[in-house]
Amino acid sequence: MYVLTIETTCDETAAAVIAEGPQVVSSVVASQEPLHERFGGVVPEIASRAHLERILPVIDQAVREAGISLQQLDAVAVANTPGLVGSLLVGLCAAKTLCVTLDLPLVAVNHIQAHIYACRLAADEHVFPCVAAVVSGGHTSLYACRSPLEFELLGATIDDAAGEAFDKVASMLGLGFPGGPAIDKAARSGDRAAYRFPRAFLKDAERLDFSFSGLKTAVRYAIAKPGQQLDAGRLSPQEVADLAASFQEAVVDCLVEKCRQALQRTGLPTLCLGGGVAANRRLRERMEQMAEQVGVRLVIAPLKLCTDNAAMGAIALEQLASGDVAPLDLDVYPGLIRHPALNRRQSQRAVG
């Protein structure tokens, strides 16, 4: 069985061919980083237009690299939630067109669940049941996953995602975009204890939520006092490094402690970590230490599967096996909401 998977939730145009196993036969990702760099973040209109230009060449390349023809496909899967609405629509339209033209079943993939399934690909064996953390530019969420298709939301950010906070702080410090790798690099020569930044909900074990808005504000006021103009050029290289290291440590403290609390609450034996921020060196190091202390198995997606890609859409194989096929009037759902098109158990609560 060959399944073509399509991913266009944000600013990467990606396609992959997946075979039973699951086996990633081919995976192609076209990054848009140069297009958004000057703005210090992803511009939705630019992202959707770039997807339009790249979606067909990326799909064609993925099929060619797999050594098959379109006629050999058995299904098409596409991420239709959550994400940027314009970006999602490009991928969904391409997937529907292929399904109608080739008379193939359509599978609706949840982008967040796919990030967690990337850990299943990394382990090359079952990782469920587990606690899973998805930490990226758009999402910071904790789940109890009883099976590949059963997800219960335990907690999420009430404001900014961790990756968004990295981008904003990197911009304040004049480190460029994307902010995650820039902060990670600058922090290596910094003092993690130079600044004592806030850590929201850290000791509240009853609340498995995150908040990074106050942390961003604290960094801003550490650079320039209220009423003063923000100017990273006045900072010395060591001050930039210390601010980056102290900020990063605050984020990592929150992520690690909430994962610890989730493991203690659920009693699940495995912790999975996915999403773009999972590529952060310090976060990986601290998660490994915590998992060893608690005595649980830790599975972190490899770097190539942390950022958005279509290979993690291999979760579609699990959906096909359970008979979860989407209708051709499937729509996109930009937000983290429950809706009928996701024909699987998914307990989510609104935060904000």
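Kindly evaluate PRO57 against the criterion of being of a type outside the set (Ser, Thr, Tyr), surrounded by fewer than 24 Cβ atoms within 10 Å (Cβ to Cβ) and within 21 Å of ASN110 (Cβ to Cβ).
It is false that PRO57 is of a type outside the set (Ser, Thr, Tyr), surrounded by fewer than 24 Cβ atoms within 10 Å (Cβ to Cβ) and within 21 Å of ASN110 (Cβ to Cβ).
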Problem set entry | Spans of helices (runs of 4 or more DSSP H) in region 276-337 with at least 3 residues over 18 Å from VAL127 (Cα atoms) and of a type outside the set (Gly, Ala, Ser) | 281-294
Exercise. Is region 139-149 home to any residue that is surrounded by fewer than 24 Cβ atoms within 10 Å (Cβ to Cβ) and more than 26 Å from LEU268 (Cα to Cα)?
Worked result: no
Exercise. Got a number for residues in region 180-189 being crowded, with 18+ Cβ neighbours inside 10 Å and under 15 Å from VAL252 (Cα atoms)?
Worked result: 4
Exercise. Out of (1) within 21 Å of the chain's Cα centre (by Cα); (2) surrounded by fewer than 20 Cβ atoms within 10 Å (Cβ to Cβ), the odd one out for PRO226 is which?
Worked result: (1)
Problem set entry | Among (1) surrounded by 24 or more Cβ atoms within 10 Å (Cβ to Cβ); (2) touching a Ser or Thr at 6+ places or on another chain (Cβ under 8 Å) - the single one GLU65 does not satisfy | (1)
Exercise. Out of curiosity, is ALA205 of a type in the set (Gly, Ala, Ser), within 14 Å of GLN248 (Cβ to Cβ) and either under 17 Å from the mean Cα position of the chain (by Cα) or not assigned by TED's automatic domain parsing to the domain that holds ALA321 (or both)?
Worked result: no
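Taking the options ALA218, ALA194, ALA232, name whichever one is touching a residue at least 60 places away in the same chain (Cβ under 8 Å) and either farther than 27 Å from GLY335 by Cβ or hydrophobic (A, V, I, L, M, F, W, C) (or both).
Numbers: ALA218 fails: touching a residue at least 60 places away in the same chain (Cβ under 8 Å); ALA194 fails: touching a residue at least 60 places away in the same chain (Cβ under 8 Å).
Answer to the selection: ALA232.
Listed here are the residues, each with its yes/no results for (1) buried (at least 23 other Cβ atoms within 10 Å of the Cβ); (2) on the phi < 0 side of the Ramachandran plot.
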site	(1), (2)
ASP159	no, yes
ALA165	yes, yes
LYS168	no, yes
GLY174	no, no
PRO178	yes, yes
Problem set entry | Scan of region 186-200 for residues that are out of contact with any Leu (no Cβ under 8 Å at 6 or more places or on another chain), of a type outside the set (Asp, Glu) and closer than 14 Å to PRO237 by Cβ, ordered by number | ALA187, ARG188, SER189
Problem set entry | Tally, over region 77-89, of residues that are surrounded by fewer than 24 Cβ atoms within 10 Å (Cβ to Cβ) and closer than 17 Å to LEU56 by Cα | 2
For this session: Could you figure out which of (1) part of a helix (DSSP H, G or I); (2) out of contact with any helix residue (DSSP H, G or I) (no Cβ under 6 Å at 6 or more places or on another chain) isn't true of GLU152?
Result: (1)
For this session: Select from region 229-254 the residues that are of a type in the set (Asp, Glu), more than 27 Å from the chain's Cα centre (by Cα) and surrounded by 15 or more Cβ atoms within 10 Å (Cβ to Cβ) and list them in ascending order.
Result: GLU239
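Could you tell me how many of the residues in region 28-48 are touching a Leu at 6+ places or on another chain (Cβ under 9 Å) and over 15 Å from ASP167 (Cβ atoms)?
2
The values are calculated or read from the model by the stated rules, or taken from the named source; none is laboratory data. If you're wondering where the values come from, they're calculated on a predicted model, not measured in any experiment. Heads up, the Cβs are rebuilt from the backbone with ideal geometry, glycines too, and the neighbour counts pull from every protein chain shown.
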